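Below is one structure, written out as structure tokens, with a few remarks after it.
The values are calculated or read from the model by the stated rules, or taken from the named source; none is laboratory data. This is a predicted model, so every value here is computed, not measured. Methodologically, a virtual Cβ is constructed for each residue, glycine included, from the backbone with ideal geometry; neighbour enumeration extends over all protein chains shown. With ligands, DNA and RNA removed, areas are computed over all heavy atoms of the protein, side chains included. Shrake-Rupley method; radii C 1.70, N 1.55, O 1.52, S 1.80 Å.
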Amino acid sequence: MINKKYTISTDLQKYIYETYFNQVFKIALSITQDISLSEEICQETFITCFQKYYQFKDPLKMGPWLSTITLNIARSMLKKKSKIIPMALEEIAEKNNVEYNTPESIYQTYELQEELLYVVGKLSIELQEVVILKYYHDLEITEIAEMIGVPDGTVKSRLFRARKKLKEIIDKSETLLSLKLREG
């Protein structure tokens, strides 16, 4: 039996879904790099949101709340699959002002993205999370801390360890990425 006290209107469900779907999907995709798994995570996120909406207290924090739910569901599903692949950096060229006008620059950008994807994938799940949220989603330390449920200092520490580990991995390899980073 459904308790009417804890149900939300269809209109409110539709509004929440339409407003936050892209945010939820991007987070799921950046963590899983799998469209069908990301869609499944989105579905589970909104089901959880609608079921637990009565516990939610601050409508102004709907985005962070949904992001936290998304992260938790993605973690859970990935633990089941024991596989995590972070999202490729689609905007890496824009952020680094790489030109798209030559076939060589296009290919080089693609290779850098693939190599960076591979290197980030070598990190632990905890380190991948903070790297993805910080550098792929441009979130602040406090936002990341709130989303993953740890103190700000823990996020800073994980980012420091992630950067150190990434540098070690890149320094050990003679890839295009390591050569490009050493140049610039």
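Of the residues in region 75-84, how many are open to solvent by 60 Å² or more (accessible area, probe 1.4 Å), under 24 Å from residue 143 (Cβ atoms) and not in a helix (DSSP H, G or I)?
0
For region 37-69, what are the residues that are open to solvent by 60 Å² or more (accessible area, probe 1.4 Å) and modelled with pLDDT under 85?
Across region 37-69, the qualifying residues are 54, 55, 57, 59, 60, 61.
Looking at 22, 72 in this structure, which one is buried (at least 16 other Cβ atoms within 10 Å of the Cβ), under 19 Å from residue 144 (Cα atoms), at pLDDT 80 or above and polar (S, T, N, Q)?
The conditions single out 72.
List the residue pairs whose Cβ atoms are under 6 Å apart, where the first residue sits in region 151-168 and is over 15 Å from residue 122 (Cα atoms), the second is exposed (fewer than 14 other Cβ atoms within 10 Å of the Cβ), and the two are 6 or more positions apart or on different chains.
What qualifies is 152/142.
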